[in-house]
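Written below as structure tokens is the structure these notes are about.
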Amino acid sequence: NAGVTQTPKFRVLKTGQSMTLLCAQDMNHEYMYWYRQDPGMGLRLIHYSVGEGTTAKGEVPDGYNVSRLKKQNFLLGLESAAPSQTSVYFCASSYRTDEQYFGPGTRLTVT
Amino acid sequence: AQKITQTQPGMFVQEKEAVTLDCTYDTSDPSYGLFWYKQPSSGEMIFLIYQGSYDQQNATEGRYSLNFQKARKSANLVISASQLGDSAMYFCAMREKGKGGKLIFGQGTELSVKP
């Protein structure tokens, strides 16, 4: 039982490049989330999903897209990376509105 | 709008002593949940404790307890018998009913346990 895993763990992008972050969970959770954490701040919600095939915007969705084609996976895409998107990205999942289980994070630097 | 406030950027506590980390929240929804997470220097987010707005008793989990004062809109985390391994960032978070389980996080409190 791996819990929540994230790929990759680290990435450096140049401005304008695109990338996809993969989140996978093996707990059969319905709900999945993407957060970002900037220095000295708490986590802020980017997008979330309450089930396969559904997604919704969170607090800071601009510049990101997501997809939930399979229940166990939640993808976060950056179409044209900007330095302001340098951050640590966390994926989380939960059984409905119970406590969220977090992945280890992806540290992204955009130069 | 819902909001979580943690007013202590940093705290120090002596090993084996108890410490209280403050959290206040603002919401107009009568149904909500409050969570505390720990983030050690390794970066992962670890769930500690949960309190529901309709729970009659304060939540406890081992050395962690939540001092829930609904009228004051506060949900302070109490750690008893602090250990060196408790040194970490601590985040308070709130979930409102019907919002897809979304969490709103405070800015965190960095706790340092002194030997």
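The stretch A:1-31 and the stretch A:70-111 have Cα centres lying 6 Å from one another. For chain A, modelled as a GNM with alpha-carbon contacts under 10 angstrom, which of A:TYR95, A:TYR35, A:TYR48 fluctuates the most? Checking each option, the largest mean-square fluctuation is seen for A:TYR95. Cβ under 13 Å from A:PHE90's Cβ, A:PHE90 left aside: what net charge do those residues give with Lys, Arg +1 and Asp, Glu -1? Local charge sum for A:PHE90: +2.
Go through the stretch A:1-64 and name the trypsin sites (Lys or Arg not before Pro) that are in a DSSP coil and have 15 or fewer other Cβ atoms within 10 Å of their Cβ.
A:LYS9, A:LYS14
Looking at the stretch A:39-109, the GluC sites (Glu not before Pro) that sit in a DSSP loop and have at most 15 other Cβ atoms within 10 Å of their own Cβ are A:GLU52, A:GLU59, A:GLU79.
Can you compute the charge dipole magnitude of chain A about its Cα centre, using +1 on each Lys and Arg Cβ and -1 on each Asp and Glu Cβ, nothing else charged? Give it in debye, rounded to the nearest 20.
Dipole magnitude for chain A comes out near 280 debye.
Order B:86-96, B:19-29 from most to least packed using the mean count of other Cβ atoms within 10 Å.
Peptide ranking by packing, descending: B:86-96, B:19-29.
Structure remark: mean-square fluctuation, Gaussian network model of chain A, C-alpha springs under 10 Å; the largest value among A:VAL50, A:VAL60, A:VAL88 belongs to A:VAL60. Taking a Cβ cut-off of under 13 Å around B:THR109, the surrounding Lys, Arg, Asp and Glu residues balance to a net charge of -2, with basic ones at +1 and acidic ones at -1. Selection among B:TYR64, B:SER31, B:LEU103 by position relative to the dipole of chain B gives B:SER31 as farthest towards the positive end (Cβ unit charges, Cα centre). All other residues whose Cβ lies under 11 angstrom from that of A:PRO61 are scored, Lys and Arg at +1 and Asp and Glu at -1, for a net of +1.
Apply 1/(1 + (r/R0)^6) to the Cβ-Cβ distance of B:GLN14 and B:GLU61, taking R0 = 22 Å, and write down the FRET efficiency to the nearest 0.05. Walk me through the numbers on the way to the answer.
Numbers: r = 22 Å, r/R0 = 1.02.
Calculated value: 0.50.
Using a cut-off of 26 Å between alpha-carbon atoms, which lysines can reach A:LYS14, once sequence neighbours fewer than 8 places away in the same chain are excluded? Filter leaves A:LYS57.
Any read-out appearing in this document is the output of simple, stated calculations on the displayed coordinates, not a laboratory observation. Being a predicted model, the structure only gives us computed values, none of them experimental. Ideal geometry is used to build each Cβ from the backbone, glycine not excepted, and the neighbour counts take in all protein chains shown.
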